[in-house]
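Report on the structure given below.
Nothing in this text is a laboratory measurement; each read-out follows from the coordinates by a stated rule. Remember, it's a predicted structure, so these values are computed and weren't measured experimentally. Every residue, glycine among them, receives a Cβ derived from its backbone with ideal geometry; neighbour counts consider all protein chains shown.
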Amino acid sequence: MLLGLTLGGAGIPALADDINEDVADASDDLARADAKVEAAIQRLNAAQQQLPGARQELAAAQSELTQAQQRKAAADVKVAEAIAKVTRAKQQIAETEQQIAFLEQRIGQMAREVYQAGGVNSEMEVLLDSDDPGDFASRLETLRSIAQGNNNTLTDLDAAKAQLNVRLASLRLLEDEAEKAQAEAQKEVDAAAAAKAKADAAKLKIDELVAGRVSALRDAKVRKQSVRRQYEQLKAEQDRIAAIARAAAAKAVSGTSGVPANIGPSGLAWPVTGAPVVQNVGPRIHPVYGYRSCHTGTDISAGQGAPIQAAADGVVVSIENGGPYGLHTVIQHGSGVSTMYAHQAGTSVSVGDKVKRGQVIGSVGSTGWVTGPHLHFEV
């Protein structure tokens, strides 16, 4: 655990009010240390963030589909009505044509009868053959009735032909209306098909997100034991480094290590000039498995190869490479205080070297459990 010491000196930058999440990925958190768990967490978060929007898209698409289907149904009704009108008009035209054919047949028959009877002269003979005035009047009335019937037949024929022309014109208009209704219905069919495809795509997206979320949780579960071992390894490494620091502090007290008696009035200097803090010391919980741990140092954002400076005068008591902290150096400063510089790319000192405050002891790197270059600085 970080001792409750104050880092002195004007070179220490002010801590940000909040931690930039993108930069904080460079920390040595267990969740960041395991690439598969990190990938699973990212997929899980991405799915969680996208699901609300995807569900809204699906709801909108389904509403659009419902409306399109309703419009299509209304268009289908109009098409059916238009077709029914065309059918009725064709039936009426057929009836009128039958009527015309009947009247023409009747007129033809009358013409044949007149011709066979001798024409108009035969009518005169019928009248002249009358026996008395009464018979003459009766025959005249009969002839008049026949003539009137013939005239009515001709009139009916003309009326039927005129009605046929009107109905044919009406049929053309009804057929045009039916074609327009069918074209409109086809547009609604196409719109409904597009809306259906949109709804299907939105549903597929939700299914994929849900499947991705399930897959991410499954991957995280599979990695649980591995992460647990890493967690135990990290704790063991922290205990080992703390033991080295305690042993070095005991030697400093005995005066056999060459370590200064105390740190000095200026306190500890900032190990990477001008570099900001991206994660501070503090307790944390593994986001997937709930393991409780503590970030025992301060993560300082710096580029690959940036020089690392000793925080105070002291003696190098340990340089190790491997494990969670990668290449790391421990310096004993006196007053029971040691500092550790982890994830280095390289070192420029050796165990037993005496160093001065501000002396370059190594360079920033990304060794150990990290996802990017930074300095883990621990007191």
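The local environment of Gly362, defined by Cβ-Cβ distances under 14 Å, has a net charge of -2 under the rule Lys, Arg +1 and Asp, Glu -1. Distances between placed amide hydrogens fall under 5 Å for Asp313 paired with Arg357, all partners being 5 or more residues away or on another chain.
Annotation: extensible slack from Asn165 through Ala250 equals 18.4 nm (criterion: 0.36 nm per residue apart, minus Cα-Cα distance). Other residues within the sphere of radius under 11 Å centred on the Cβ of Leu171, judged by their own Cβ, net out at +2 (K and R +1, D and E -1).
Near Leu51: Cβ cut-off under 12 Å, other residues only, Lys/Arg at +1 and Asp/Glu at -1. The net charge is 0. Each residue of region 246-252 is assigned a 3J(HN,Hα), and the resulting list reads 5, 5, 5, 5, 5, 5, 4 Hz, derived from the Karplus form 6.51 cos²θ - 1.76 cosθ + 1.60 (θ = phi - 60°), x at Gly and Pro. Across region 296-303, coupling constants 3J(HN,Hα) worked out from phi with the 6.51/-1.76/1.60 Karplus curve, θ = phi - 60°, read 8, x, 10, 8, 10, 6, 7, x Hz, and Gly and Pro carry x. At full extension, Ala74 and Arg88 could sit 2.9 nm farther apart than now, given 0.36 nm per residue minus the alpha carbon distance.
Here the peptides 73-81, 245-253 are ranked by packing, the mean other Cβ count within 10 Å, and the order with the highest first is 245-253, 73-81.
A simple spin-label model places pseudo-atoms 7 Å from Cα toward Cβ; at Gln182 and Leu217 they are separated by 5.4 nm.
For Val364, the residues 5 or more places off, or on other chains, whose built amide H falls under 5 Å of its own are Gly305, Ala306, Ile308, Ala345. For region 165-174, backbone phi angles converted through the Karplus equation (6.51, -1.76, 1.60; θ = phi - 60°) give residue-by-residue couplings of 4, 5, 5, 5, 5, 5, 4, 4, 5, 5 Hz, Gly and Pro being listed as x. Packing around the peptides 52-63, 307-318, 362-373, taken as the average count of other Cβ atoms within 10 Å per residue, puts them in this order, highest first: 307-318, 362-373, 52-63.
Taking 0.36 nm per residue of separation and subtracting the current Cα-Cα distance, fully stretching the chain between Asn45 and Arg292 would add 86.8 nm.
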